[in-house]
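Contents: one structure, followed by commentary.
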Amino acid sequence: MNDKYIGKLLDNRYEILQVIGTGGMAVVYKALCHRLNRHVAVKILKDEYAKDEEFRNRFHAESHAVAMLSHPNIVAVYDVSRSNSIEYIVMELMDGMTLKQYMERRGTLSQKESVHFITQILKALSHAHSKGIIHRDIKPHNIMLLRDSTVKVADFGIARLESSQRTVTREAFGSVHYIAPEQAKGSHIDCRADIYSTGVVLYEMLTGRLPYEGDTPVSVAIQHINSLPLSPREINPDIPEALEKITMKAMAPSLAKRYASTDEMLADLEEYRKNPQVNIEYEPPVKNPEDDTEATRKLVIPSVDEVEDEPEEKSPLKAKMPLIATAVAATVFLVGLLTLLSALFGWGDKKPQEKVETPNVLGMTIEDAAERYPEFEIIETNEDTREYSDEYDEGEIVKQRPREDEVTSSGKIYVTISKGKRTDSVELTDLTNMSEEQAKILLDRKGLQYRIETENSEEIEAGNVIKTEPSAGDSVSTDEVVTLYVSLGSVNKKVTVPNLLGLTENKAIESLVTSKLQKGKITYENSSTTEKGIVISQKIASGEPQDEGTAIDFSVSLGPKKAETPSTDDKPVQNEDKNDVPAVSASGDIKITRSIRLPSEPESFTVKITVNGVTQYEEAHKGTDGAVNVTLKGKGQSTVCVYINDVLRQEIPIDFK
């Protein structure tokens with residue numbers, strides 16, 4: 001199929017080569033960046049969206065925000081641009097496959113592999129969330145897996161735009177399998193929606209199946225709202241209980257019971273990695289035992305029968321309860337369905353609830369807070385998250401969300417309850433190589449105080465813990481301060497520049513790489529004393545100390561300059577190698593045929609040759625062409641420049657005489 005963008009040059013820089021992917025809103029192409037001479041991925045907005053000026057502006061703004069992200073587990077965005085009516089993003093080109101493709105090939109993944117992949121996804125999300133960016137569409141289709149098992153999350157910010165378009169496409173059907181309940185309802189979402197979707201991805205990797213299936217997006221989304229999936233261990237009993245709890249806590253329907261941040265989930269994964277028998281604190285929601293044979297279970301809502309325990313003959317109303325319960329359930333289902341359809345298709349206008357300031361409930365018990373502020377619902381996030389406190393007594397509220405004076409329209413205040421002061425000592429967990437935030441979370445859970453020191457490290461990446469004082473395994477009391485030593489990364493190392501003189505071009509490049517330096521600009525010039533292809537000079541002398549990664553320029557010999565004998569014929573005199581054969585044209589210019597050596601990479605490129613700045617040759621070539629014979633004309637001493645994709649590669653002095 002022909003594509004109108006194939007062969008097109010965007011902004012005189014990005015040459016579109018081929019289609020490599022198609023999504024709901026955009027098409028992704030492989031392209032060649034002529035300025036930096038590298039392959040990139042270019043995502044071009046589809047015509048139906050590009051015609052909408054408001055949407056184009058949002059696309060541009062969202063893409064610029066995402067371009068600010070910089071993390072090894074996030075697909076890098078190099079450029080965001082507009083070319084006439086074309087909106088496009090330039091990204092790094094991935095050499096690998098999507099996680100979905102990998103899972104389809106492998107089926108159920110091992111626990112080690114699953115934890116390895118999910119940890120990288122969470123690190124990417126942690127970075128994005130710290131910048132205020134929620135992905136909104138985490139699924140294996142949007143996660144790239146490279147050959148070295150590195151994971152890179154793609155399409156940040158694009159999902160936000162896609163969610164505003166109310167058309168349910170095949171892509172939307174794929175997304176709805178990973179959608180958070182609050183997202184399916186059309187409610188306000190935060191970073192915990194990404195955590196839920198990540199939990200679904202982990203569930204799928206461990207079990208080889210999705211938690212919910214259905215014939216339509218609506219039927220799948222309703223299950224996310226109203227049902228519970230089979231636990232991973234019911235599908236695969238070999239899954240450790242701790243890993244199952246981590247998965248189900250990430251997928252908790254209740255926001256209060258779900259992980260509050262990616263760092264909390266990363267901390268539990270790190271504890272599991274070090275000790276698979278670790279006890280992860282999580283109490284699963286109640287499920288209906290009558291539905292145990294089903295693939296999913298309905299959440300239990302207490303009925304009147306559970307509230308009142310009177311004899312049936314004393315309560316005439318009780319005989320009608322099954323009918324009433326059925327009617328109520330049907331009504332709840334229809335309301336939920338209409339809410340979901342409204343969210344998916346944009347039906348109706350939502351009326352915002354009245355916004356009020358949140359009162360300060362710190363230091364109160366839940367009962368006292370509820371009595372004092374009856375207009376608010378006071379909800380404990382989770383008994384498992386209760387924490388020790390020197391300031392608040394046991395049973396008092398130690399944390400609240402939203403905080404005091406923050407504006408809220410939900411009417412709910414989520415609180416954490418104090419365990420009181422901690423008097424005993426605890427064993428210090430090994431925090432080595434954890435991120436600073438993960439380490440802080442684990443220390444907070446144990447009721448320990450800490451302070452941060454930073455230092456350089458060659459082994460531990462920047463932002464991770466190098467060591468602690470006291471050391472891992474030591475008993476630490478609550479009045480003792482733990483020192484976290486956090487890495488600043490490695491110091492720039494100095495290396496010695498090698499001697500390139502007398503080496504071939506390829507050997508010179510190898511020598512630079514071995515010395516942890518980079519190839520710089522290579523120029524080519526004639527030499528009467530050095531054979532062709534040998535390095536004759538280098539910009540930075542050998543033995544000089546330089547930072548690792550410094551680019552070193554050097555020059556390569558073209559061999560001795562051949563004699564140029566002019567002919568009186570208007571046509572050039574040909575010889576076997578067609579090199580430096582002069583001729584005099586009718587205009588008085590001297591014509592010389594030169595053989596120009598071409599690079600083997602990239603696969604295709606444009607060769608431009610100028611004489612004293614005037615272009616005399618410009619053609620497309622392939623890396624397999626080897627060389628090209630070009631007839632040039634000029635007068636007297638001239639400079640011939642050879643450009644590959646507009647980058648100067650050779651500068652050859654020629655005397656046309």
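No lab work stands behind these numbers, since they all come straight from the coordinates. Since the model is a prediction, treat every value here as computed from it, not as a measurement. Backbone-built Cβ (ideal geometry, glycine too); neighbour counts: all protein chains shown.
Would you mind checking K355/K399; K139/K185; K440/K467; K519/K561; K257/K412; K419/K446 for any pair whose Cα atoms are more than 23 angstrom apart?
Details: K355/K399 21 Å; K139/K185 19 Å; K440/K467 13 Å; K519/K561 26 Å; K257/K412 15 Å; K419/K446 11 Å.
From K355/K399; K139/K185; K440/K467; K519/K561; K257/K412; K419/K446, over 23 Å: K519/K561.
Any idea what log10 I(q)/I(0) is at q = 0.09, 0.11, 0.14, 0.23 Å⁻¹ for segment 1-118, Debye with uniform C-alpha scatterers and no solvent?
These q points yield log10 I(q)/I(0) values of -0.30, -0.44, -0.68, -1.37.
How large is ³J(HN,Hα) for each residue in segment 369-376, as worked out from phi by the Karplus curve 6.51 cos²θ - 1.76 cosθ + 1.60 (θ = phi - 60°), to whole Hz, x for Gly and Pro?
Calculated HN-Hα couplings, in order: 5, 5, 6, 6, 10, x, 6, 10 Hz.
Count the DSSP beta bridges whose two residues both fall in segment 356-420, then state the antiparallel fraction as a percent rounded to the nearest 5. Each step should come with its number before you reach the end.
On the way: 6 of 12 bridges.
If we restrict to bridges inside segment 356-420, about 50 percent are antiparallel.
Any chance you could tell me what percent of the C-alpha pair distances in segment 425-487 go past 21 Å? Can you show the working numbers first?
Details: 263 of 1953 pairs.
Cα-Cα pairs in segment 425-487 separated by more than 21 Å: 13 percent.
Among K561, K440, which comes first, then next, by fewest other beta-carbon atoms within 10 Å?
Numbers: K561 15, K440 19.
Sorted ascending by nearby Cβ count, the order is K561, K440.
List every residue whose amide H lies under 5 Å from the amide H of V486, counting only residues 5 or more places away in sequence or on a different chain, with H placed 1.01 Å from N in the peptide plane.
It is E453, T454, E455, I466, by chain and number.
Once phi is turned into θ = phi - 60°, what whole-Hz ³J(HN,Hα) does the Karplus curve with 6.51, -1.76 and 1.60 give for every residue of segment 192-197, x standing for Gly and Pro?
5, 5, 5, 5, 4, 4
At each listed q (0.09, 0.13, 0.15, 0.18 Å⁻¹), what is the log10 of I(q)/I(0) that the Debye formula gives for segment 350-505 modelled as equal alpha-carbon point scatterers?
The Debye formula, applied to the Cα set alone, gives -0.48, -0.77, -0.89, -1.03.
Could you please rank R451, R597, placing first whichever residue has the fewest other Cβ atoms within 10 Å of its Cβ? Present the calculation step by step, with values, prior to reporting the outcome.
On the way: R451 9, R597 15.
In order of increasing Cβ crowding within 10 Å: R451, R597.
Hey, fewest Cβ within 10 Å first, where do R136, R372 land in order?
On the way: R136 22, R372 12.
Exposure proxy ranking, most exposed first: R372, R136.
Would you mind working out the magnitude of the charge dipole of segment 494-557 relative to its Cα centre, with +1 at each Lys and Arg C-beta and -1 at each Asp and Glu C-beta, to the nearest 20 Debye?
On the way: 7 positive and 8 negative charges, 11 e Å.
Value, rounded to 20: 60 debye.
Please compute, for the alpha-carbon atoms of segment 187-281, the extent along each of the three principal axes and give them in descending order in Å.
41, 31, 17
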